[in-house]
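Inspection log for the structure reproduced underneath, given as structure tokens.
The values are calculated or read from the model by the stated rules, or taken from the named source; none is laboratory data. Here the structure is a predicted model, which is why all the values come from computation and not from measurement. All Cβ positions, glycine included, derive from the backbone under ideal geometry; neighbour counts span all protein chains shown.
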Amino acid sequence: GSGTISEYIWQGVVYPARGGGGIFCYNASARISHNQIRNNNIPAYVESWGGGIAGFVLGSTGYLIIEDNKIDHNGVTGTDLTGGGGIALYCSGRIVHNMISHNAGYGSLYVYGAAYVAADPAGSQSALVKDNRIIHNTLSGTYVNGTGLTVGGGTSASVVGNNISYNEMLSAVSASNGGGLMVDVAYGTIDIDANTIVGNVIYDNNSYGGGISLWSNMASANNDIRVANNIVSGNEADYGGGIRCQNSTAQMINNTVVDNFARVSGGGIRVDGAQSDATILNSIFWGNTAPQYPQIDYLSSGAIRVHYSDVQGGYPSGMGNIDADPFFADTLFNLSDSSSCIGAGIDSIEISGIWYHAPPFDYNGNPRPNPAGSMPDIGAQESPLGSPVAIEPIGDNLPVTYELRQNYPNPFNPSTTIEFALPHSDRVTLKVYNLLGQEVAVLVAEDMVAGTYKYEWDAGGLASGVYYYSIKIDDFNETKKMLLIR
């Protein structure tokens, strides 16, 4: 389809628009579910919205549900405002469990994401964007924003549990923001929680926020944003490879921001703008790269506070910050049992008369803190340990061969000691598996110097039975069996 010509109202002004290449919902509530919506294209119009689906509900009473659809290979082209190559929602509603992929937006002026959610600031609309895969979408234009998802206007929104990854801004003549997600002059409350934002790229110069961009040019907007439990990794832009916070008030708590790249500055995050007020707690900034300020780039015109976070190279101010390799156990950024981030966070803190609290659940929905009564971990993932387990060296003599020794005692209840040896410095991974071959614990995942070590493992919470522990050091692999008896 090529869309329907209609109109919408923004702050009392009526604007003509063309929308809904596949499905168009105008001034009505609807449920759109279990469809495949593809290969629709809206041709050039002054404003073009929703190559796959567009919902325009004027007023605050309508509600649109879009769930369990495949929305792919749709496109929009506009000469003024263009958005929602996959979906454009201009009303209250929810977008849940959809695959939104390979949609495109092209525009002569302003272009917005594959999924676009907004409303008239005069209303009181809200939107839920949850558990969607928003991947491999593209944008091109003069001002390009939020390739995967754009949240703007007068809506309050919860953006929860989405995979917003591998989206690309191919070209922008003037400026671009938010390779994965952008919050654009939002007047409501915005919650961004437990999302995976990975591998989004903005190619052009003058680009900001490869993963997330919080952007506003109005003092009355972007004043209530909460960013928590997100994994932001492998994104790229000129400034703020992972995150950009510009003229926005944001709490950023228990996020893992790693391995992002900025071509100029702020590999992890850039905070700028006189109205910016960013509070960062319990977060990891590690492995991000940039010619200047590889982890955190802060322009003094705004305000930033960093507490109880793991920042590579350290951070010059704040309470409880550490500078220690987080020792991730895997590519999902779980913490190994020896990580210094375990138990190093804060559950609640008062700053300038405002209380901030760690989220009660982590990225995976597990309780935080875990175990109860301990302090939260730093990062999006919560370890089941209350504190890191120390790996103790044994003796002074250097071993001549790799070795994994039999645990003792064996059988055991509930703890046992595992010893291993490495003749030279190397990366060590030591894991425990059950009889089904399922991983139940990551004991070690870090670079270690040559020596012989022992590790005391507590199997509390596991059932009786046979378990296997396996070590990998370079080309050396060995597995041994142990028996837990309750």
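Quick look at the values:
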| item | result |
| --- | --- |
| Complete set of residues in region 424-452 that are part of a strand (DSSP E or B) and either of a type in the set (Lys, Arg) or over 18 Å from Ser340 (Cα atoms) (or both) | Asp426, Arg427, Lys431, Val432, Tyr433, Glu439, Val440, Gly451, Thr452 |
| Test result for Ile32, assigned by TED's automatic domain parsing to the domain that holds Ala175, modelled with pLDDT of 95 or more, buried (at least 24 other Cβ atoms within 10 Å of the Cβ) and of a type in the set (A, V, I, L, M, F, W, C) | no |
| Hey, Ser176 part of a strand (DSSP E or B), in the same structural domain as Asn35 (by TED's automatic domain parsing) and buried (at least 19 other Cβ atoms within 10 Å of the Cβ) or not | yes |
| Number of the exception - Gly353 against (1) in the same structural domain as Thr196 (by TED's automatic domain parsing); (2) buried (at least 19 other Cβ atoms within 10 Å of the Cβ); (3) on the phi > 0 side of the Ramachandran plot | (2) |
| Count of residues meeting criterion [among the hydroxyl-bearing types (Ser, Thr, Tyr), buried (at least 16 other Cβ atoms within 10 Å of the Cβ) and part of a loop (DSSP other than H, G, I, E, B)] in region 287-325 | 4 |
| Selected residue [within 24 Å of Ser101 (Cβ to Cβ) and not hydroxyl-bearing (Ser, Thr, Tyr)] from Asn145, Asn222, Asn205, Asn217 | Asn145 |
| Test: Ile391 is modelled with pLDDT under 95 and closer than 27 Å to Gly343 by Cα | yes |
| Residue ranges of strands (runs of 3 or more DSSP E) in region 37-135 with at least 2 members of a type in the set (Val, Ile, Thr) | 41-49, 63-67, 75-83, 92-96, 133-135 |
| Restricting region 11-25 to residues that are in contact with a Gly (Cβ under 8 Å, 6 or more places away or on another chain) and in a strand (DSSP E or B), the residue that is nearest to Gly85 (Cα to Cα) | Gly19 |
| Condition broken by Ala421, with the remaining ones in (1) over 35 Å from the mean Cα position of the chain (by Cα); (2) surrounded by 15 or more Cβ atoms within 10 Å (Cβ to Cβ); (3) outside any strand (DSSP E or B) satisfied | (3) |
| Count of region 355-380 residues which are in a strand (DSSP E or B), hydrophobic (A, V, I, L, M, F, W, C) and touching a residue at least 60 places away in the same chain (Cβ under 8 Å) | 1 |
| Criterion (under 21 Å from the mean Cα position of the chain (by Cα), crowded, with 17+ Cβ neighbours inside 10 Å and not assigned by TED's automatic domain parsing to the domain that holds Asn229) met by exactly one of Ala380, Ala344 | Ala380 |
| Qualifying residues in region 93-103 (those that are crowded, with 22+ Cβ neighbours inside 10 Å and over 11 Å from Gly52 (Cβ atoms)) - the one modelled with the lowest pLDDT | Gly93 |
| All positions within region 104-116 that are more than 20 Å from the chain's Cα centre (by Cα) and crowded, with 24+ Cβ neighbours inside 10 Å | Gly105, Gly107, Val111 |
| Cross-chain or 6+ apart pairs with Cβ under 7 Å, region 169-193 first and within 21 Å of Ile134 (Cα to Cα), then part of a loop (DSSP other than H, G, I, E, B) and among the hydrophobic types (A, V, I, L, M, F, W, C) | Ala186/Ala221 |
| Unique residue being in contact (Cβ under 8 Å) with a residue 12 or more places away in the chain, surrounded by 22 or more Cβ atoms within 10 Å (Cβ to Cβ) and more than 24 Å from Gly179 (Cβ to Cβ) when the list is Val46, Val76, Val57 | Val57 |
| Count - residues of region 159-173 that are part of a loop (DSSP other than H, G, I, E, B) and either modelled with pLDDT under 95 or surrounded by 24 or more Cβ atoms within 10 Å (Cβ to Cβ) (or both) | 2 |
| Yes/no for Ser383 being among the small types (Gly, Ala, Ser), in contact with a strand residue (DSSP E or B) (Cβ under 9 Å, 6 or more places away or on another chain) and in a loop (DSSP other than H, G, I, E, B) | yes |
| Selection from region 273-286 of residues that are over 28 Å from Met375 (Cα atoms) and surrounded by 24 or more Cβ atoms within 10 Å (Cβ to Cβ) | Ser276 |
| Residues of region 441-478 satisfying the condition of being surrounded by fewer than 16 Cβ atoms within 10 Å (Cβ to Cβ), under 15 Å from Pro384 (Cα atoms) and under 30 Å from the mean Cα position of the chain (by Cα) | Gly461 |
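Okay, residues lined up against (1) in contact with a strand residue (DSSP E or B) (Cβ under 8 Å, 6 or more places away or on another chain); (2) over 20 Å from Asp323 (Cβ atoms); (3) of a type in the set (Val, Ile, Thr):
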position	(1), (2), (3)
Val232	yes, no, yes
Glu236	yes, yes, no
Gly241	yes, no, no
Arg244	yes, yes, no
Ser248	yes, yes, no
Ile253	yes, no, yes
Phe261	yes, yes, no
Val264	yes, yes, yes
Ser283	yes, no, no
